[in-house]
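The values are calculated or read from the model by the stated rules, or taken from the named source; none is laboratory data. Quick caveat: nothing in here was measured; it's all calculated off a predicted structure. When we count neighbours, we look across all protein chains shown, and the Cβ atoms used for this are built from the backbone with ideal geometry, even at glycine.
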Amino acid sequence: MAMSQGAKNDSSGGITQASQKKVTTDPAGTGSGGAEPGRIPMSDDSFRSRAKFFGDLSAAHYQAVGGTEAAVNDMTTTFYSKVFEDPILSVMFRSHDASHAHKLALFLLYFMEISDKFFRDSSFTQLHAVHHKAKSIPARSQAPPGAGCPGGNFTASQRDAWKSHFVLACSLHGLRGGLLQDMADFVDRAMGHYGPFVGDRSDR
């Protein structure tokens, strides 16, 4: 679901500020330390294989949003404003600050082949670990049934709400037609890594 890009968890299980530890300066796995800092080696096949695994994003999506990193960050800020207003999603986050939107923007920029900044202090392993730990947050039991149970899988309701907010934010920031569908497909594939999804909690 990409809830917590590069974030780490505090002792309560909530998602907090992103870790500042550097994991790699060569996120595409090229072994070429001479690449321009902050840029993806565009001819790298391993990068393209990883990108296609998540979805078919490109610089066209970047330009449609506004063609700047700030514009992409504005889009993800809109997205997280909706997430934080949604009781079955907001409960998964201990802090509702701008770091989440910033990390998601960097994550998208990576797959748009614009910037490798996300993987300078994060990794897929860290990303998956944070989402796994977030499942155990105790406050899930106090949220509406769609938030599920502490320790349980994410719910189909959470998945659907996440995608709905994401696609709406994309549409509000200039993505239309096939480009918008690409973003919807991207979030479907990304969320698929955090299934299987379950039904809402039964409070009977």
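Could you tell me which of the residues Gly174, Gly178, Gly151, Gly195 is closer than 23 Å to Thr76 by Cβ, without any contact (Cβ under 8 Å) to a residue 40 or more places away in the chain and surrounded by fewer than 21 Cβ atoms within 10 Å (Cβ to Cβ)?
Numbers: Gly174 fails: without any contact (Cβ under 8 Å) to a residue 40 or more places away in the chain; Gly151 fails: closer than 23 Å to Thr76 by Cβ; Gly195 fails: without any contact (Cβ under 8 Å) to a residue 40 or more places away in the chain.
That would be Gly178, the only listed residue that is closer than 23 Å to Thr76 by Cβ, without any contact (Cβ under 8 Å) to a residue 40 or more places away in the chain and surrounded by fewer than 21 Cβ atoms within 10 Å (Cβ to Cβ).
Within the range 101-114, restricting attention to residues that are surrounded by fewer than 22 Cβ atoms within 10 Å (Cβ to Cβ) and outside any helix (DSSP H, G or I), the residue that is modelled with the lowest pLDDT is Glu113.
Of the helices (runs of 4 or more DSSP H) entirely within the range 122-194, those holding at least 3 residues that are in contact with a helix residue (DSSP H, G or I) (Cβ under 6 Å, 6 or more places away or on another chain) occupy 156-172, 177-192.
Checked against (1) more than 14 Å from the chain's Cα centre (by Cα); (2) free of Cβ contacts under 8 Å to residues at least 24 places away in the same chain, Ser141 passes all but a single condition, namely (2).
I'm checking my understanding of the structure. Among residues of the range 57-78 that are of a type in the set (Ser, Thr, Tyr) and part of a helix (DSSP H, G or I), which one is surrounded by the most Cβ atoms within 10 Å (Cβ to Cβ)? Steps first, please.
Step one: filter the range 57-78 for residues of a type in the set (Ser, Thr, Tyr), giving 58, 62, 68, 76-78.
Filter once more, keeping what is part of a helix (DSSP H, G or I): 62, 76-78.
Values: Tyr62: 20, Thr76: 28, Thr77: 17, Thr78: 18.
By that ranking, first place goes to Thr76.
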